[in-house]
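Enquirer: This is the structure, below, for whatever I ask next.
The values are calculated or read from the model by the stated rules, or taken from the named source; none is laboratory data. Nothing here was measured: the structure is a model prediction, and the numbers come from that model. Cβ sites come from the backbone with ideal geometry, for glycine too, and all protein chains shown count toward neighbours.
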Amino acid sequence: MPEKQTQTQTETSETFFKCSCTPPPRGKRSRNLVINLDGTSNKYGPKNTNVIELYSHIDVSEDQLKYYNSGIGTSAQPSWKLLSYCMQILDNKIDLAIAWNFEKVLLGAYRWLSEHYKPGDRIFLFGFSRGAFQVRALAGMIEKVGLLYEGNEEQIPFAFELYASVYGEEREQAAKHFKETFSVKDVRVHFIGVWDTVSSIGIFKGMTLPLTDSCDHVCAFRHALALDECRVKFLPECIAGPFHKPFPINAKEVWFSGSHSDVCVCINVSKLLVPLLWMENEALMAGLHFSRASINWKVHDLQESEPTESLSGAWWLLECIPYSLKANHDPAHLSRVPRLGSGRVIYPGQKIHASVAFKLSKTYDSEGEGYYPLAEFWRGTETMLYWHNILGTGPSGEFRRVPAWKDRLEMDLFDFTHLPGILAHLGDKDITDGDASHILNRIYFLTSLSESNSIAVLYLLDRSNDSQTMGSSLYEKQIIFRRR
C-alpha cells in the first residue's frame with residue numbers, strides 16, 4: 001500500500017497505535033506478510049484453531065502473502081516403511097513433551113520472511129499456545145539479529161544461535177554486528193496477535209528467549225488470555241505484570257471466558273468466535289485485509305456454554321510437583337509451593353472482554369448459580385475489583401457500571417466510540433470487499449442492538465459515567481449514527 005494510506009489507517013484506526021515501520025520506496029506499494037503458527041498438536045482437521053480460521057479469512061493478492069505452519073508435534077505420518085512410520089510417531093511424541101522441533105518451526109517462518117520481504121513490507125505474526133511463544137520469539141530474533149537478505153539461508157541457524165544467547169555485552173555486540181552485516185536495514189514487526197501464550201517446554205523446565213516478555217520492538221501487540229485455565233504447565237506468558245508500569249500503550253492483553261483450548265480451538269462455535277473476532281477487528285484496523293469475515297456469535301449460545309475442564313486425569317499429578325516458578329503476586333521471586341490447580345492472576349493494565357458480562361449476567365439472574373471466572377485480580381490492585389460489580393444495578397431498573405471497571409473493560413464490538421475510526425477506515429480507497437463486508441457487519445451489529453436484558457448488560461459496560469437509563473441512551477446513540 002502507498003505510504004499515505006498506511007498513515008491514514010494508523011491515524012484513524014480504533015487502536016490508535018503509532019506505526020514505526022519503514023515506508024516503501026517512492027512509487028512502490030507496501031505489502032503485508034502474514035505468519036501463522038499453530039499450537040501444540042494443532043493442525044488442520046475437524047477441530048480447527050483460530051489460527052487456521054484467521055488464515056482462511058485472510059485475503060491473498062500481490063499485496064498480501066500468508067504462511068501457515070502446524071503446531072509442535074504434528075508432522076505428517078509416513079504412509080509406508082514401518083521404521084520411518086515408527087520414528088515419526090516417536091519424534092512427534094518427544095516433540096509434544098519437550099518441543100524437539102521448536103527451533104525448526106520458528107526458523108521455517110523466519111526463512112519464509114527472508115525470502116519474501118521487500119523494503120516497506122509490514123509483518124503480521126499470529127500464533128496460539130507455544131506457537132504464540134514462537135512468533136514472539138521470531139519478533140525478538142528480527143529485532144536482535146535482523147532479517148537476513150534473501151539467499152543467505154545457510155546463515156539462519158547462526159542467526160538464531162546469536163539471538164538465543166544474546167545475554168551480556170559481548171554477545172550483544174556480536175548480534176549487532178551480525179545484523180549490520182547480513183540483514184536488511186530497519187526491519188520491524190508491525191503486528192503480533194496471539195492467543196494464550198505458553199512457553200512451557202518439557203516436564204521440568206520452561207523456555208526463555210530475549211524480548212519475548214516485551215513489545216517495545218513491535219508496532220502493535222494483541223494477546224487473548226483464558227480466564228479459566230489453571231494447569232501449572234500452561235501458565236501464560238504476559239506482557240503485563242505487577243511491576244510493569246505504565247502498561248505499554250501499543251499493547252492489549254484481554255481476558256476471555258474459557259480454558260486454554262476454549263480461546264482458540266473450535267470445540268464450541270460461540271467460544272471460538274469471540275476471541276477470533278476480537279483479533280480480526282484489531283488486525284483489520286492495523287491494515288490486514290480479509291477476503292471474508294463474520295461477527296455473528298449468539299449471546300444465548302455464549303451464556304449456555306461452559307468452560308472446558310482442562311485440569312483432569314494425569315494433569316493433576318503435575319499440580320503436586322513443587323516447580324520453581326514465578327510467584328503469581330510477585331513474579332520477581334520464585335516459589336516452589338505446588339499450585340494445586342490455582343487460578344491465573346489478572347495484572348494491572350490487562351482488560352476483561354465485554355462478552356464475559358453476558359455469561360455473568362446469567363449467573364446473577366439465576367441467583368448466583370452458574371459461571372464464575374477462575375482467575376483472580378492481582379492483590380496489589382489499587383481499587384479492588386469484584387465480578388459482581390460489572391453488573392451493578394440501580395433503582396427503577398437503571399443499570400450502572402461501577403466506576404472502578406471503567407478502564408478494565410475491552411468493549412470491542414459494543415463500543416460506540418469506535419464508530420468514527422471504523423467509518424474512516426471504510427473510506428480507504430484500497431479496501432477489499434472482505435474488509436468492507438466485515439466493517440459493514442460490525443456497523444450493522446452496533447445499530448441493531450435492541451432494548452433487551454442482554455443489551456442492558458452492554459449499557460452498564462458503556463464508557464460513559466452518567467446514570468441515564470439504558471433505553472434512552474441507546475436510542476440517542478442509534479439516532480446519532482443514523483443521521484451520519
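Enquirer: Would you check if there is a residue in segment 447-457 being in a helix (DSSP H, G or I), at pLDDT 75 or above, touching a helix residue (DSSP H, G or I) at 6+ places or on another chain (Cβ under 6 Å) and hydrophobic (A, V, I, L, M, F, W, C)?
Expert: Of all residues in segment 447-457, those in a helix (DSSP H, G or I) come to 447, 453-457.
Now drop any that are not at pLDDT 75 or above, which leaves none.
No, there is no match, as no residue in segment 447-457 is in a helix (DSSP H, G or I), at pLDDT 75 or above, touching a helix residue (DSSP H, G or I) at 6+ places or on another chain (Cβ under 6 Å) and hydrophobic (A, V, I, L, M, F, W, C).
Enquirer: Scan segment 218-249 residue by residue and report those that are under 25 Å from Gly146 (Cα atoms) and surrounded by 22 or more Cβ atoms within 10 Å (Cβ to Cβ).
Expert: Across segment 218-249, the qualifying residues are Val218, Cys219, Ala220, Phe221, Arg222, His223, Ile239.
Enquirer: Right, another one. Among the residues of segment 27-52 satisfying the criterion of being surrounded by fewer than 17 Cβ atoms within 10 Å (Cβ to Cβ) and farther than 23 Å from Gly146 by Cα, which is modelled with the highest pLDDT?
Expert: That would be Gly27.
Enquirer: Being closer than 21 Å to Val198 by Cα, under 18 Å from the mean Cα position of the chain (by Cα) and at pLDDT below 70 is true for just one of Leu272, Leu325. Which residue is that?
Expert: Leu272
Enquirer: I've got another one for you. Being modelled with pLDDT of 80 or more, surrounded by 14 or more Cβ atoms within 10 Å (Cβ to Cβ), among the small types (Gly, Ala, Ser) and within 21 Å of the chain's Cα centre (by Cα), is that true of even one residue in segment 67-88?
Expert: yes
Enquirer: Looking for something at pLDDT 95 or above, within 26 Å of Trp378 (Cα to Cα) and of a type outside the set (Gly, Ala, Ser) - is there at least one such residue anywhere in segment 143-157?
Expert: No - not one qualifying residue is present in segment 143-157.
Enquirer: Moving on. Restricting the search to segment 123-159, which residues are in a loop (DSSP other than H, G, I, E, B) and within 20 Å of Ser56 (Cβ to Cβ)?
Expert: Ser129 - this is the single residue of segment 123-159 that is in a loop (DSSP other than H, G, I, E, B) and within 20 Å of Ser56 (Cβ to Cβ).
Enquirer: Can you pull out the residues in segment 173-204 that are of a type in the set (D, E, K, R) and either touching a Pro at 6+ places or on another chain (Cβ under 7 Å) or closer than 14 Å to Met141 by Cβ (or both)?
Expert: Lys176, Lys179, Arg188, Asp196
Enquirer: Name the residue, out of Asp186, Asp196, Asp213, that is within 30 Å of Pro275 (Cβ to Cβ) and either exposed (fewer than 14 other Cβ atoms within 10 Å of the Cβ) or free of Cβ contacts under 8 Å to residues at least 60 places away in the same chain (or both).
Expert: Exactly one residue qualifies, and that residue is Asp213.
Enquirer: Something else about it: Can you pull out every residue in segment 366-383 that is modelled with pLDDT under 75 and either β-branched (Val, Ile, Thr) or under 28 Å from Ser305 (Cα atoms) (or both)? Break it down into steps so the answer makes sense when it comes.
Expert: Keep residues of segment 366-383 that are modelled with pLDDT under 75, which gives 366-370, 380-383.
Those that are modelled with pLDDT under 75 and either β-branched (Val, Ile, Thr) or under 28 Å from Ser305 (Cα atoms) (or both): Ser366, Glu367, Gly368, Glu369, Gly370, Thr381, Thr383.
Enquirer: If you don't mind, there's one more thing I want to ask. Determine, yes or no, whether Thr12 is over 23 Å from the mean Cα position of the chain (by Cα), buried (at least 16 other Cβ atoms within 10 Å of the Cβ), at pLDDT below 55 and among the β-branched types (Val, Ile, Thr).
Expert: no
Enquirer: Does at least one position in segment 305-319 carry a residue that is within 30 Å of Gly421 (Cβ to Cβ), touching an Asp or Glu at 6+ places or on another chain (Cβ under 6 Å), surrounded by 13 or more Cβ atoms within 10 Å (Cβ to Cβ) and at pLDDT 75 or above?
Expert: Within segment 305-319, none of the residues are within 30 Å of Gly421 (Cβ to Cβ), touching an Asp or Glu at 6+ places or on another chain (Cβ under 6 Å), surrounded by 13 or more Cβ atoms within 10 Å (Cβ to Cβ) and at pLDDT 75 or above.
Residue-by-condition table, conditions (1) among the hydroxyl-bearing types (Ser, Thr, Tyr); (2) in a strand (DSSP E or B); (3) within 26 Å of Thr308 (Cβ to Cβ); (4) modelled with pLDDT under 95:
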{"residue": "Glu170", "(1), (2), (3), (4)": "no, no, no, yes"}
{"residue": "Phe191", "(1), (2), (3), (4)": "no, yes, no, no"}
{"residue": "Thr208", "(1), (2), (3), (4)": "yes, no, no, yes"}
{"residue": "Ala220", "(1), (2), (3), (4)": "no, yes, no, no"}
{"residue": "Asp228", "(1), (2), (3), (4)": "no, no, yes, yes"}
{"residue": "Glu237", "(1), (2), (3), (4)": "no, no, yes, yes"}
{"residue": "Ala240", "(1), (2), (3), (4)": "no, no, yes, yes"}
